[in-house]
Amino acid sequence: MKKIVGPLLGILIAIGLFIGLSCIVVTGEDEYKLVRQFGKIDHVESEAGLSFRVPFIQTVDTLPKKLLLYDLAPSDVITKDKKTMITNSYVLWQITNPVKFAQTLNGSIGNAESRINTVVYNAIKNTISSMSQEEVISGRDGELTEAIIESIGTTFEQYGIEMLTVETKQLDLPADNKEAVYTRMISERENIAATYTAEGTAEAQKIKNTTDKEVTIMLSEAQKQAEILKAEGEAEYMKILSETYADESKTDFYSFVRSLDALKASVTGDNKTVILSEDSPIAQIFNGQ
């Protein structure tokens, strides 16, 4: 009897442990736990930690709570000006409503990626088809992404999905027309640069002409003032000279000074000897005549 009870007790303990462990639900930080009862969702465990379920009656499905990445395959798109481009993009998305996700997409990541691929590709195609090739290229710093997300709108809310961003890894031209497009773009930029250069040159010439005119006017005015001052100085000189010769007491002194100046001007070089005749005006001054 003891030989039968021992193994039976061990089996019962094992069954009890199995059932006990089956009741425990462990939820991680980056996941949702969907607890189903008879196939229908009973509740969702979204907080990390331990919870319990009814074994054999309730089942548990796991969905990711973390940020997910889906890489779209490269595809051809046509711009508004009928230019073909190759786009290669990726999507960052996240499950925000696990119940909707399970009900609409059967809780399948593969189904979700298939729907994302279709919706995002159509949004990219429609967005680029409304833009010129130059607008598409210049919009890679954010405008293109904003336009694509705006085109997607709230489409994914019905699936319990949030679309965080759509980024373009590569936006290129087909090999057969890449060189022609680059050549045209370079030519356009050169024309724009030439226009700016011509405008700058014209403006510089305008400023130079204005400055030259102002300088000419200023020089003319300065020369006019100089002539006026010169004339005033000569008039003052003649006035002083006239007054000097009018006064006999000053006339002799002035004549003496003028004679000395004339003598000084005549003495040049190393020879400082001056020979004067007796009837010379200078000799007469020195002789007191």
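Per-residue answers, yes or no, for (1) within 30 Å of Y32 (Cα to Cα); (2) open to solvent by 30 Å² or more (accessible area, probe 1.4 Å):
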site: L50; (1), (2): yes, yes
site: P98; (1), (2): yes, no
site: Q133; (1), (2): no, no
site: T154; (1), (2): yes, yes
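Could you check, for the stretch 67-83, whether at least one of its residues is in a strand (DSSP E or B), at pLDDT below 90, β-branched (V, I, T) and open to solvent by 50 Å² or more (accessible area, probe 1.4 Å)? Scanning the stretch 67-83 turns up at least one residue that is in a strand (DSSP E or B), at pLDDT below 90, β-branched (V, I, T) and open to solvent by 50 Å² or more (accessible area, probe 1.4 Å). Within the stretch 195-218, identify whether any single residue is modelled with pLDDT under 80, open to solvent by 70 Å² or more (accessible area, probe 1.4 Å), within 27 Å of the chain's Cα centre (by Cα) and closer than 30 Å to E134 by Cα, and answer yes or no. No: zero hits.
For the stretch 149-163, a residue qualifies if it is of a type in the set (A, V, I, L, M) and touching a residue at least 40 places away in the same chain (Cβ under 8 Å), and the qualifying residues are I161, M163. For beta carbons closer than 9 Å, sequence separation of 6+ or different chains, a first residue in the stretch 214-243 that is within 23 Å of R258 (Cα to Cα) and a second that is open to solvent by less than 100 Å² (accessible area, probe 1.4 Å) and not polar (S, T, N, Q), the qualifying pairs are L241/Y254.
In the stretch 39-52, the residues that are farther than 14 Å from V99 by Cβ form Cβ pairs under 6 Å with partners that are open to solvent by 100 Å² or more (accessible area, probe 1.4 Å) and at pLDDT 75 or above, at six or more places apart or across chains, as follows: A48/E29.
When you scan the stretch 255-272, do you find a residue that is exposed (fewer than 10 other Cβ atoms within 10 Å of the Cβ), at pLDDT below 70, acidic (D, E) and not in a helix (DSSP H, G or I), even just one? Among the residues of the stretch 255-272, at least one is exposed (fewer than 10 other Cβ atoms within 10 Å of the Cβ), at pLDDT below 70, acidic (D, E) and not in a helix (DSSP H, G or I), which makes the answer yes.
The values are calculated or read from the model by the stated rules, or taken from the named source; none is laboratory data. Everything numeric in this text was worked out from a predicted model, so none of it was measured. Every residue, glycine as well, gets a Cβ built from its backbone with ideal geometry; the counts of neighbours run over all protein chains shown. Keep in mind that these areas ignore ligands, DNA and RNA; they rest on the heavy atoms of the full protein, side chains included. Shrake-Rupley method; radii C 1.70, N 1.55, O 1.52, S 1.80 Å.
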